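J.: First, the structure itself, so that you have it in front of you.
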Amino acid sequence: MPTIFLLFLISGVFRYSSAEQGFCSAPSALNTESKSKPLYSKVYESTLSPLDLQNLPGFTRSVYKRDHALISPESHVYGPLPEWINTLGSYVISPEMGSHFVMYLAKLKENSRSGLPLHDVERFIFVLHGAVTVTGAHSVSHVLKVDSYAYFPPNFEHSIESDAPAIIVIFERRHAQLANHVPEPLVNSTDKQPLLETPGEVFELRKLLPSSLAYDFNIHIMDFQPGEFLNVKEVHYNQHGLLLLEGEGIYRLGGSWYPVQAGDVIWMAPFVPQWYAALGKTPTRYLLYKDVNRSPL
Ligand SMILES: *[C@@H]1O[C@H](CO)[C@@H](O)[C@H](O)[C@H]1NC(C)=O
């Protein structure tokens, strides 16, 4: 009896430790993989055997339809940005598609400097690679590294500069003013933002801008573990610009289902049915523009 009990105990311990090992080994393999590469580098170094695909004549995963678009990295086209110095930009979403905002990627080279947005246009920037120095009124400067961001209210004098290569994603829209609610400039980083409640959903949510009425849009950072998906098959009046920062999965847009991966950009017009499932072996993180706090009328 004592021997059997001992065996039982040992096997219990063994099972416990092997389960423990199994549990630990998978995440640590992921960690070493992600540690060897800079955060978000998959956005500009795409992962789905890009060389093979690029060599297929005419191949692209990009799609452009009335109520949505998928703009995958092999179809990004860079050119000079108006008023910017030593910077190349690729507009991936613009009002010609039906959006009320622009979304573009900017590649800053050595000694680069931004131009100002148009009159009454607000700007949000998020750093994907390298670092940029943002300077606002009163010459206060901040160095923004990967995962940091800044918001500039309409008609707010500022510059974004870099003395080494850097890549940022930018959103701009004509600000929808609300009497007595004035947005403030801000700089911050994703990791400083608290996780928010997501009733009925499993993904993790952070908002990069305050939810107060002064702001007519927000930028969400959403994290999914592989296998997690949106519970609500969303249809809503808001529009979205999305950049997949990490991971891969399936995006449903209208009646179409798209395999997507880090680096992909998605435009979602108001009311396009939308749904995401994170698949593959690594977590998904995406960054999402959403208009908020204003009547659709
Ligand atoms: C960054 O955001 C956090 C959380 O919203 C806030 O507590 C903190 O004051 C912000 N930092 C700056 C420099 O604004």
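The values are calculated or read from the model by the stated rules, or taken from the named source; none is laboratory data. The structure presented is a predicted model; accordingly, all values stated were derived computationally and were not measured. Note that each Cβ is placed from the backbone with ideal geometry, even for glycine, and that neighbours are counted across all protein chains shown. These accessible areas exclude ligands, DNA and RNA; they are computed on the full protein's heavy atoms, side chains included. Shrake-Rupley method; radii C 1.70, N 1.55, O 1.52, S 1.80 Å.
J.: Just checking, does the range 174-184 include any residue being within 16 Å of the ligand (Cβ to nearest atom), in contact (Cβ under 8 Å) with a residue 24 or more places away in the chain and open to solvent by 80 Å² or more (accessible area, probe 1.4 Å)?
T.: yes
J.: Something else now. Which condition breaks for G255 when tested against (1) free of Cβ contacts under 8 Å to residues at least 24 places away in the same chain; (2) surrounded by 19 or more Cβ atoms within 10 Å (Cβ to Cβ)?
T.: The number of the failed condition is (2).
J.: Pull out all pairs, ordered by first then second residue, where Cβ-Cβ is under 8 Å, the residues are six or more apart or on different chains, the first lies in the range 69-80 and is in a loop (DSSP other than H, G, I, E, B), and the second is charged (D, E, K, R).
T.: S72/R61; S72/D264; Y78/K107
J.: Taking the condition in contact (Cβ under 8 Å) with a residue 12 or more places away in the chain, crowded, with 20+ Cβ neighbours inside 10 Å, β-branched (V, I, T) and under 26 Å from V292 (Cα atoms), does V134 pass?
T.: It is true that V134 is in contact (Cβ under 8 Å) with a residue 12 or more places away in the chain, crowded, with 20+ Cβ neighbours inside 10 Å, β-branched (V, I, T) and under 26 Å from V292 (Cα atoms).
J.: Go over the candidates I250, I266 one by one and state the one that is farther than 23 Å from F101 by Cβ and β-branched (V, I, T).
T.: I250
J.: Residue by residue through the range 225-245, note down the ones that are among the hydrophobic types (A, V, I, L, M, F, W, C) and not in a loop (DSSP other than H, G, I, E, B).
T.: F229, L242, L243, L244, L245
J.: If only one of L213, L297, L205 is farther than 29 Å from V77 by Cβ, among the hydrophobic types (A, V, I, L, M, F, W, C) and at pLDDT below 95, which one is it?
T.: So the residue among L213, L297, L205 that is farther than 29 Å from V77 by Cβ, among the hydrophobic types (A, V, I, L, M, F, W, C) and at pLDDT below 95 is L297.
J.: Collect the residues in the range 188-238 that are aliphatic (A, V, I, L, M), buried (at least 17 other Cβ atoms within 10 Å of the Cβ) and away from the ligand (no atom under 16 Å from the Cβ), keeping them in residue-number order.
T.: Scanning the range 188-238 gives M222, L230.
J.: Tell me which residues, restricted to the range 191-204, are closer than 14 Å to N231 by Cα and either touching a strand residue (DSSP E or B) at 6+ places or on another chain (Cβ under 6 Å) or among the polar types (S, T, N, Q) (or both).
T.: T198, F203, E204 - these are the residues of the range 191-204 that are closer than 14 Å to N231 by Cα and either touching a strand residue (DSSP E or B) at 6+ places or on another chain (Cβ under 6 Å) or among the polar types (S, T, N, Q) (or both).
J.: Given the residues D163, D147, which is the only one that is modelled with pLDDT of 95 or more and at positive phi?
T.: Of the residues listed, the single one that is modelled with pLDDT of 95 or more and at positive phi is D147.
J.: Regarding V265, is this residue hydrophobic (A, V, I, L, M, F, W, C), touching an Asp or Glu at 6+ places or on another chain (Cβ under 7 Å) and touching a residue at least 60 places away in the same chain (Cβ under 8 Å)?
T.: Answer is no for this residue.
J.: Of the numbered conditions (1) within 13 Å of the ligand (Cβ to nearest atom); (2) part of a strand (DSSP E or B); (3) of a type outside the set (G, A, S), V132 satisfies every one except a single condition; which is it?
T.: (1)
J.: Looking at W267, is it away from the ligand (no atom under 16 Å from the Cβ) and loosely packed, with under 15 Cβ neighbours inside 10 Å?
T.: No, not satisfied.
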